[in-house]
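Have a look at the structure below before the remarks.
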Amino acid sequence: MKIAYITAGAGHMYCGSCLRDNTLAAALLGAGHQVVLMPAYTPTRTDERNVSQKRVFLGGINVFLQQHFAFFRRTPWVVDRLLDYPPLLRLATRWAVSVDPAQLGDMTASMLLGPKGFQRKEIAKLVEFLATDFSPDIVTLPNSLLIGLAPAIKAALKVPVCCTFQGEELFLDGLGEPYRSRSIQLIREHAAHVDAFVAVSHFGRSMMAEYLGIDPGRIHVVPLGINLDGYVPHEEDDGEPFTVGYLGRLAPEKGLHVLAEAYKRLRAHPGLPPSRLWAAGYLAPEHKGYLAGIQQQMDSWGLTGDLQYHGELDRPAKLAFLQRLSVLSVPGAYADPKGLFLLEAMASGVPIVQPRRGAATEIVDATGGGILVEPDDPDALAAGILELWTNREKRRECGRRGYEGVRAHYGAARMAARAMEVYRSVMA
């Protein structure tokens, strides 16, 4: 089957959605399908072999300029290609391009208008490439924020279009009014042009069905899968401190401050051995103050030096980081429909302690790789971590189950096989 995947680049950040799209495309290529992975906005950054096209579609600079300046809506395509030069797009994401939804409401709504929006020229380029250079059997959109492409693709190519849900509701809720309501209205209108929706978890399916008013029967579940190369069983070193780990974006909605509160309670427990709190992940410039505030709190609690930030990690560094954790927790303040970091930890045999909400519930139920606790409760989170600290056998058992469970349920090949079931049903 010839499959065209559009994937939304996130500049210089490792993005969970980009990682998922790249892993799925690579697995389908490995299974013998013809796949073209088309980055939109910026080049994608992955921590494994990047199988995406070098050409960027809907280049972020052109999209921005065409939104704000009428002159750039009429420039020749050859001029636009200069602004789509991948190194230039990478520089733009470091210098000036905001990803704050509160500043992107008008552009989001314009993109959702499709050919009726200011970016009609960029959409025409993408459709022309699909029609003349690849001629796919099916086209997949990476999220509902790009659903405005669906009518133009279907009109030109006469092929099925699928749309994946990957947690974009968090972005939509951050748009502010009137852009949030307008964007959701446009997504609902364009839903008629989509042949199948795909959610990466059962929770994601039910949540987005309600959020967008879509019949749940139109939403198929293709659970996340990861490339398991390099993941080896975690072996505890008795000489190492008990290490509580956090792996994810450092932002308030991801909950590092909640984990810090739980760690403070943990340290107050008598008899706790030497311990530490390790965090790793992307830190946006606007959130440096957030991390500094948590470190100041740790200092005020007499825990100076216990919190260590390891930066954003490439694949070898991430695998090494996970090997040195005793337990992992990312107690986000929202119901995350993905949970890629949970699969990465469990693939290394690291048990998890996670709030009982979002996709974490079904991941833990499927694997047995950790403990679920009450959300937004540092005391409950501390109690869950303490349970694994005091019961070494349970800690090892959760680690073993997680290690085996990810391989049984969340491998890349399994994700690809399930995706093909959906595509074949749509084609039929």
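Values quoted throughout were computed directly from the atomic coordinates according to the rules given, and no laboratory measurement underlies them. Because the structure is a prediction, the values reported are computed rather than measured. Neighbour counts are summed over all protein chains in view; Cβ atoms, including those assigned to glycine, are modelled from backbone coordinates with ideal geometry.
Numbers for the structure displayed
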| quantity | calculated |
| --- | --- |
| Mean separation of Cα contacts under 8 Å, 6 or more apart, over the residue count of the range 307-361: relative contact order % | 39 percent |
| Long-range Cα-Cα pairs in the range 242-409 (distance over 29 Å), rounded percent | 10 percent |
| Trypsin sites (Lys or Arg not before Pro) restricted to DSSP loop in the range 92-199 with at most 12 other C-beta within 10 Å | Lys158 |
| Listed residues Thr132, Asn143, Gly117: farthest to the positive end of the dipole of the range 81-178 (Cβ charges) | Thr132 |
| Helix-derived mean residue ellipticity, 222 nm - over the chain, DSSP H n ≥ 4, -39500 (n - 2.57), to 500 | -13500 deg cm²/dmol |
| Rounded, prolate or oblate (a/c below 1.5 giving rounded, otherwise prolate when a/b exceeds b/c) for the range 221-293 by Cα gyration tensor | oblate |
| Three-way shape label, the range 345-427, alpha-carbon gyration tensor, a/c 1.5 | oblate |
| Sorted by Cβ neighbour density within 10 Å, fewest at the top, the residues Ile294, Ile61 | Ile294, Ile61 |
| Spatial separation of Cα centroids for the range 272-318 and the range 175-223, in angstrom | 35 Å |
| Stokes-Einstein D for the range 83-216, Kirkwood Rh over Cα pairs, 20 °C, 1.002 mPa s (µm²/s) | 136 µm²/s |
| Cα-based shape type of the chain, given that a ≥ b ≥ c are square roots of the gyration tensor eigenvalues and the cut on a/c is 1.5 | prolate |
| Extension gain (nm, one decimal) between Glu48 and Arg407, 0.36 nm per residue minus Cα-Cα | 127.4 nm |
| Estimated inter-spin distance, Asp133 and Arg265, nm [label 7 Å along Cα→Cβ] | 5.4 nm |
| Of Lys116/Lys154; Lys121/Lys254; Lys116/Lys158; Lys54/Lys121; Lys121/Lys158, those spanning more than 25 Å from alpha-carbon to alpha-carbon | Lys121/Lys254 |
| Contour excess over end-to-end distance, with Cα ends at Ala284 and Ala70 and 0.36 nm allotted per residue | 74.0 nm |
